[in-house]
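Nothing in this text is a laboratory measurement; each read-out follows from the coordinates by a stated rule. What you see is a predicted model; the values in this text were computed from it and never measured. Note: ideal-geometry Cβ built from the backbone for every residue, glycine included; neighbour counts use all protein chains shown.
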Amino acid sequence: MYKVVGSARSRAFRVMWMLEELGQPYEMIEGGPQSEEAKKYNPLGKIPALIDGTEAITDSVAIMTYLADKHSGMTAPAGTIERARQDAMTLWLIDEMDALLWSYAKHSKIFPEEHRITDIEHGLHFEFTRTQAQMETFLQSDYLMGDTFTLPDILATHCLGWAHGVGFPPAGEKTKDYIKRCRGRAAFRAAGAKGA
């Protein structure tokens with residue numbers, strides 16, 4: 001059985017959701033960033049970590065990619081044009097959504113006060129609004145990669161929920177429908193129940 005180190009109120013939720021989508025059993029090991037539990041599996045103290053047997057894998061997107069490939073689900077096959085397009089979408093989401101949210105988190109609560117840029121929020125909100133508009137152009141079907149729910153949808157939905165939670169500009173109607181569709185999935189609800 002897999003073990004997920006982290007908290008459901010962190011990027012570990014992405015891993016939990018992926019495992020639920022894949023129908024794989026897992027156990028949660030609670031541990032926040034920089035906790036002793038986190039440092040057992042990642043010397044940097046970052047979460048999440050996935051324990052598979054005796055091996056620890058870190059970084060939420062790396063973990064999701066590993067799981068998708070291992071269980072042949074939630075992903076296009078490696079070595080295909082479809083996978084290259086999916087990877088491009090995943091990397092775009094990391095660069096254009098996750099990175100903005102992480103910058104906001106660092107400058108609002110993580111960095112020591114003397115190292116925070118206090119007026120960064122306005123610029124990040126502007127950039128995030130632009131990114132959300134760009135994402136709507138990708139939504140030509142139910143999901144980012146077409147009619148099939150894949151790894152980028154977990155990443156995007158998690159980022160959009162994070163953005164909402166910290167007061168970033170609201171999503172457009174098309175994106176709100178997309179979020180509702182993704183969060184309405186049984187696996188999302190199951191992961192949420194385990195993290196409650």
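May I ask you to list the residues in segment 84-112 that are of a type in the set (A, V, I, L, M) and either under 17 Å from Ile47 (Cα atoms) or over 12 Å from the mean Cα position of the chain (by Cα) (or both)?
Ala84, Ala88, Met89, Ile94, Ala99, Leu100, Leu101, Ala105, Ile110
Within segment 3-21, how many residues are over 13 Å from the mean Cα position of the chain (by Cα) and surrounded by fewer than 19 Cβ atoms within 10 Å (Cβ to Cβ)?
Residues meeting the conditions: 1.
Residue by residue, here is whether (1) surrounded by fewer than 17 Cβ atoms within 10 Å (Cβ to Cβ); (2) under 21 Å from Phe128 (Cα atoms) holds:
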| residue | (1), (2) |
| --- | --- |
| Pro152 | no, yes |
| Trp162 | no, yes |
| Val166 | yes, yes |
| Asp177 | yes, yes |
| Ala187 | no, no |
| Ala191 | no, no |
